[in-house]
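Read-outs: derived from the displayed coordinates by stated rules, not from any lab. Fair warning: this is a prediction, and the values are worked out from it, not measured in the lab. Cβ: placed from backbone, ideal geometry, glycine included. Neighbour counts: every protein chain shown.
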Amino acid sequence: MNTVRKAVFPVAGLGTRFLPATKAMPKEMLPVVDRPLIQHVVDEAREAGIEHFIFVTGRNKAVIEDHFDRQFELEMTLLERQKHKILDYLNQDLPVPGSTSFTRQQEPLGLGHAVWCARELIGHEPFALLLPDVLVQHEQGCLAQMLEAARELPGDANIVAVEEVPHERVDQYGVVGIGERKGKMFSITSMVEKPPVGRAPSNLILTGRYILQPEILKILSTQERGAGGEIQLTDAMIQLARQQPFYGLQFDGRSFDCGSKIGFLAANVSYALARPDIAPGFRAEIKKILGDLNGE
Ligand code: G1P
């Protein structure tokens, strides 16, 4: 596969499941420990070698653009107060000038439509797509694992990250059908968005990490509304899979669906326990809470 330089982050969603927290603040800015969700996902892309970061935003999302910019007043204040450590921490996260682009999805017409809105910025090259609702925790990021696997694949291949979920939950996700398997990778024989339980081709779901060929954009330009009345990326991928090879990778690591409250809270606990500076104190607090609950 050709080098994947660009990544798309759809961040136009309304975040209704987190109201009132998301009334005036984008859900992508909710913190997991001390980094916003979107920063975690951008970190994953950067670690995988992505050079250009494309954000598909919407109304009330301007703060995401600010987050990836310098904040001179803050920097000057930190400098005056000799807070060099936190300043270095902030500067590490700053994207290279010119490596971010922002475009808008004017109406909430679905994930497929959001990707299509980025077509001019993507151009004619393969690209990564990362949904910021999903965090994958592992030493090697999910996208890096996918790009490593993609090296073995033909030039026109597409690859998506997949994982198993209990059968009764398949109706919340895009689900894939499994063909020939080679290690953690397999060819995909079918895809369906949010199938009724009992009608899904497997219990392997699309996790929210994709590497797609640019031909998807042409398909999306004529894509009709699908499940939930939205223009579904999965429907466009079904068409693309008729023209090009399509693979699934069962990645290593644990995913957290931060679009749900439980998933978001679990991510906070798990990421905090993985932080050497926070884990000891936090573990003690959790023990206390669990002890109280158990009446100890
Ligand atoms: C989207 C995709 C779905 C995928 C899911 C992962 O659904 O359409 O195929 O499984 O993300 O989180 P959404 O969560 O936006 O309804």
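Nothing charged except the Cβ atoms of Lys and Arg (+1) and of Asp and Glu (-1): what's the magnitude of the dipole of the chain about its Cα centre? Round to the nearest 20 debye.
I would put it at about 340 debye.
Kirkwood hydrodynamic radius (Cα pairs, Å) of the range 115-230?
15.4 Å
Tell me the trypsin sites (Lys or Arg not before Pro) within the range 93-160 that lie in a loop according to DSSP and have at most 16 other beta-carbon atoms within 10 Å.
Arg151
For the pair Glu164 and Ser190, what calculated FRET efficiency results from E = 1/(1 + (r/R0)^6), where r is the Cβ-Cβ distance and R0 = 25 Å, to the nearest 0.05?
For R0 = 25 Å, the calculated efficiency reads 0.90.
Evaluate the charge dipole of the range 160-296 about its Cα centre and quote only its size in Debye, nearest 20, assuming +1 on the Cβ of each Lys and Arg and -1 on the Cβ of each Asp and Glu.
220 debye
Nearest 5 percent is fine: what portion of the DSSP beta bridges confined to the chain is antiparallel?
Here the antiparallel bridges make up roughly 60 percent for the chain.
Using modelled backbone amide H atoms (1.01 Å from N, in-plane), which distant-in-sequence or interchain residues come within less than 5 Å of Leu206's amide H?
It is Gly174, Val175, Val176, by chain and number.
In whole Å, how far is the Cα centre of the range 92-128 from that of the range 18-85?
One Cα centre to the other: 16 Å.
State the three equivalent ellipsoid semi-axes of the range 60-152, derived from the C-alpha gyration tensor as the square roots of 5 times its eigenvalues, in descending order and whole Å.
Square roots of five times the eigenvalues give 30, 21, 13 Å.
When only DSSP loop residues count, what trypsin sites (Lys or Arg not before Pro) in the range 197-296 have their Cβ near at most 12 other Cβ atoms within 10 Å?
Arg199
How far, in nm, would the chain grow between Ala24 and His124 when pulled straight, counting 0.36 nm per residue and subtracting the alpha carbon separation?
32.4 nm
Going down the list Lys184/Lys218; Lys61/Lys218; Lys23/Lys61, which pairs span over 18 Å between their C-alpha atoms?
Lys184/Lys218; Lys61/Lys218
Work out how much length Gln82 to Val197 would gain on full extension: take 0.36 nm times their residue separation and subtract the Cα-Cα distance, in nm to one decimal.
35.7 nm
Of Ile278, Ile205, how do they rank once you tally other Cβ atoms within 10 Å and put the fewest first?
With the fewest neighbours first, Ile278, Ile205 line up as Ile278, Ile205.
Once the range 1-155 is represented by equal point scatterers at the alpha-carbon sites, with solvent omitted, what log10 I(q)/I(0) does the Debye formula produce at q = 0.21 Å⁻¹?
Evaluating at q = 0.21 Å⁻¹ gives log10 I(q)/I(0) of -1.45.
Once you've got the GNM for the chain with C-alpha springs shorter than 10 Å, pick whichever of Leu206, Leu79, Leu135 has the biggest mean-square fluctuation.
Leu79
Quick one: which of Lys6/Lys194; Lys27/Lys85; Lys261/Lys288; Lys27/Lys287 span more than 26 angstrom between C-alpha atoms?
Correct reply: Lys6/Lys194; Lys27/Lys85; Lys27/Lys287.
Over the range 9-71, what portion of Cα pair distances is larger than 14 Å, expressed as a whole percent?
The proportion of pairs with Cα distances above 14 Å equals 58 percent.
Counting other Cβ atoms within 10 Å, keep those with at most 11, restrict to DSSP loop, and tell me which trypsin sites (Lys or Arg not before Pro) in the range 20-50 are left.
Filter output for the range 20-50: Lys23.
At each listed q (0.17, 0.28 Å⁻¹), what is the log10 of I(q)/I(0) that the Debye formula gives for the range 242-296 modelled as equal alpha-carbon point scatterers?
Per q value, in the given order, log10 I(q)/I(0) is -0.73, -1.06.
What translational diffusion coefficient, in µm²/s and rounded to a whole number, does the Stokes-Einstein relation yield for the range 166-296 at 20 °C and a viscosity of 1.002 mPa s, taking the hydrodynamic radius as the Kirkwood radius over Cα pairs?
Calculated translational D: 122 µm²/s.
GNM on the chain, C-alpha springs below 10 Å: top fluctuator among Glu230, Glu44, Glu152?
Glu152
D for the chain, whole µm²/s, Stokes-Einstein with Kirkwood Rh over alpha-carbon pairs at 25 °C and 0.890 mPa s: what number?
121 µm²/s
How many nm separate the modelled label positions at Arg181 and Glu65, each set 7 Å beyond the Cα in the direction of the Cβ?
4.7 nm
What number does the range 97-147 give for Rg over Rh if you use C-alpha atoms and the Kirkwood radius?
That ratio is 1.00, to two decimals.
Could I have the simple spin-label model distance between Ser260 and Ala227, label points 7 Å from Cα toward Cβ, reported in nm to one decimal?
1.4 nm
Taking 0.36 nm per residue of separation and subtracting the Cα-Cα distance, what length does fully extending Arg151 through Arg242 add?
Here the answer is 30.6 nm.
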